[in-house]
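Chemist: The structure is given below, and queries will be raised subsequently.
The values are calculated or read from the model by the stated rules, or taken from the named source; none is laboratory data. Keep in mind that this is a model prediction, so the values were computed, not measured. Every residue, glycine as well, gets a Cβ built from its backbone with ideal geometry; the counts of neighbours run over all protein chains shown. These accessible areas exclude ligands, DNA and RNA; they are computed on the full protein's heavy atoms, side chains included. Shrake-Rupley method; radii C 1.70, N 1.55, O 1.52, S 1.80 Å.
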Amino acid sequence: MPKRQARGEQRMAEILDAAGRVFAASGYEKATTNAIAAEAGVSPGSLYQFFANKDAIAAALAGRFVTQMREAHEAALLGADPSTLDWPELIDRTVDPILAFNVANPGFKALFARPDMPAGLAAAAEPIQAALLGRVESVIAAKAPSLPADDRTRTARVAIQIFQAMLPMVLASPPGERPAVMAELKKVLYRYLSAPSP
């Protein structure tokens, strides 16, 4: 890779890191490209060399988040056949990477883990939602292969909503209390997902 291209990719990564921090601190609506440029230590003109506007930055962040979540899930389930794992272990292997990802990326929650997502973010969020839904559906399919596809999708959507509803509580918990709150979240998911299917 040419040196100039490597510098450009590094600068883009720095801008996206800064954008995640600004979105987490200010929220998407109040964040500005000027604030993101200042946080990244670049001029607004430099930022516009890489990103046309705030929506383009959010879309690039979404792409990064999808890749990171996929890698985390693949690592969590590496070498494991979900159909041979019990529900508590499957829930641990599915939930832990997502929780760790959210803790490490506060900008993600500010952008994509919210019920009142602005219209400008909806398109950027679609790949993330699809990846997460696909991952949860595949786990449910492995554990309940006879469950009809529509029921599997519905169950996955409900499980994701349960997770998203409790996520702010988990993230707001003091570090010493967080494992106990995470255990409660997993307990709720276990009781829902391990219930006999209709």
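Chemist: Tell me the relative contact order for the range 1-80 as a rounded percent, counting alpha carbon contacts under 8 Å between residues six or more apart.
Modeler: 26
Chemist: Could you provide, to the nearest whole Å², the per residue accessible area of the chain with probe 1.4 Å?
Modeler: Each residue of the chain exposes 53 Å² on average to a 1.4 Å probe.
Chemist: Fully extended, how many nm does the chain gain between residue 154 and residue 49 (0.36 nm per residue separation, minus their Cα-Cα distance)?
Modeler: 33.6 nm
Chemist: Another question, if that's okay. What's the angle, to the nearest 10 degrees (0 to 90), between helix 119-143's Cα axis and the longest principal axis of the chain?
Modeler: 30
Chemist: While we're looking at this one, here's another question. Calculated from DSSP H runs of 4 or more alone, at -39500 (n - 2.57) each and per residue, what is the 222 nm mean residue ellipticity of the chain, nearest 500?
Modeler: Helix contribution divided over all residues of the chain: -25500 deg cm²/dmol.
Chemist: Right, another one. When the label point is put 7 Å from the Cα of residue 195 along its Cα-to-beta-carbon vector, which residues of the range 145-172 have a backbone N closer than 16 Å?
Modeler: 151-163
Chemist: Let me ask something else about it. On a 0 to 90 degree scale, rounded to 10, what angle separates helix 178-193 from the longest Cα axis of the chain?
Modeler: So the inclination is approximately 50 degrees.
Chemist: Taking the simple approach of a point 7 Å from Cα along Cα-to-Cβ for both residue 74 and residue 101, what is their distance in nm?
Modeler: 1.3
Chemist: Per residue and in cubic angstrom, what volume does the convex hull of the Cα atoms of the range 1-76 have?
Modeler: Hull volume normalised by residue count: 100 Å³.
Chemist: What is the Cα coordinate range of the chain on the first, second and third principal axes, sorted by size from largest, in whole angstrom?
Modeler: 57, 38, 32
Chemist: Here is a further query. Give me the percent relative contact order of the chain, please, defined on Cα pairs under 8 angstrom at least 6 residues apart. It would help to have the intermediate numbers written out before the result.
Modeler: Numbers: 149 pairs, mean separation 43.9, N = 198.
About 22 percent, as a whole number.
Chemist: So what are the ³J(HN,Hα) numbers for the range 85-93, from phi and the Karplus equation (6.51, -1.76, 1.60; θ = phi - 60°), rounded to whole Hz, Gly and Pro as x?
Modeler: Result, rounded to whole Hz: 9, 7, 4, x, 5, 4, 5, 4, 5.
Chemist: So how strong a dipole does the chain carry about its Cα centre when Lys and Arg Cβ are +1 and Asp and Glu Cβ are -1, to the nearest 20 debye?
Modeler: It comes to approximately 320 debye.
Chemist: Projected onto the charge dipole of the chain (+1 at Lys/Arg Cβ, -1 at Asp/Glu Cβ, origin at the Cα centre), which of 48, 95, 133 gives the Cα projection farthest towards the positive end?
Modeler: The residue sitting most towards the positive pole is 48.
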